[in-house]
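One structure is given here, and the rest of the page talks about it.
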Amino acid sequence: LDISKNVSYIQVFAVAKSDVDDGAGRIVSFINNAGAGARYLLGDDDTGIDPEKFRVGGRRLDSDLFTEMISDTQHGNNQKLLYGAHNYADAEAYLYQNGVKVAENLSFQTAGATSNTTSGGSDNGIGCFNWDGDIQEVIIYTDDLTDQRSAVETELNNYYGIY
């Protein structure tokens, strides 16, 4: 997969429901960068401290450490509309739940495009690492859709009737 190779943005919209509260780190969307680990991850908190919260994380370069943010809002077990964005160009990351920003990091990684390494491994995907719940839809963009985020969320909300 080259979806996360040499890009400045990864933005994921997901309609999902988590049925767990055990802090096991189940994942809605995961893009692995060829042996170095998660370039992009959207899923449940895996710290065990407050497992009923979503998180978004990843790394820009293969040599970077994994960085993540955890929502300040619990997700419960109802279907949610999630938006997790990595703006690698400006070193920013955002997490929205039902149209409301629940986490941000304005110094997420160093600014620039991702490594030129192809994503690889059998663990790339949707609903991986024992996801326990429902996933209705996942949309992945590698272009800057910041200005269209609200419109995409509105369309997904209108279709699924989430909030």
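The values are calculated or read from the model by the stated rules, or taken from the named source; none is laboratory data. Bear in mind that the values here come from a model prediction, so they are computed numbers and not experimental data. Every residue, glycine as well, gets a Cβ built from its backbone with ideal geometry; the counts of neighbours run over all protein chains shown. Side chains included, ligands, DNA and RNA excluded: accessible areas come from the protein's heavy atoms. Shrake-Rupley method; radii C 1.70, N 1.55, O 1.52, S 1.80 Å.
Taking residue 155 as meeting all but one of (1) open to solvent by 50 Å² or more (accessible area, probe 1.4 Å); (2) at pLDDT below 95, write down the number of the exception.
Unmet for residue 155, out of (1) open to solvent by 50 Å² or more (accessible area, probe 1.4 Å); (2) at pLDDT below 95: (2).
Out of the range 91-110, which residues are part of a strand (DSSP E or B) and either of a type in the set (Val, Ile, Thr) or within 16 Å of residue 72 (Cα to Cα) (or both)?
Going through the range 91-110, the residues part of a strand (DSSP E or B) turn out to be 92-97, 100-105.
Residues satisfying the conditions are 93, 94, 95, 96, 97, 100, 101, 102, 103, 104, 105.
At pLDDT below 85, assigned to a strand (DSSP E or B) and aliphatic (A, V, I, L, M): is that true of residue 31 in this structure? Step through it out loud before you land on a result.
On the way: at pLDDT below 85: yes; assigned to a strand (DSSP E or B): yes; aliphatic (A, V, I, L, M): yes.
When the stated conditions are applied, residue 31 passes them.
Tell me, yes or no, whether the range 65-86 has at least one residue that is assigned to a loop (DSSP other than H, G, I, E, B), surrounded by 17 or more Cβ atoms within 10 Å (Cβ to Cβ), at pLDDT 80 or above and among the basic types (Lys, Arg). Full working, then the answer.
Pass one, the range 65-86, residues assigned to a loop (DSSP other than H, G, I, E, B): 65-66, 75-79.
Going one step further and asking which of them are surrounded by 17 or more Cβ atoms within 10 Å (Cβ to Cβ), we end up with 75, 79.
Those left that are additionally at pLDDT 80 or above: 75, 79.
Those still in the list that are among the basic types (Lys, Arg) too: none.
No - not one qualifying residue is present in the range 65-86.
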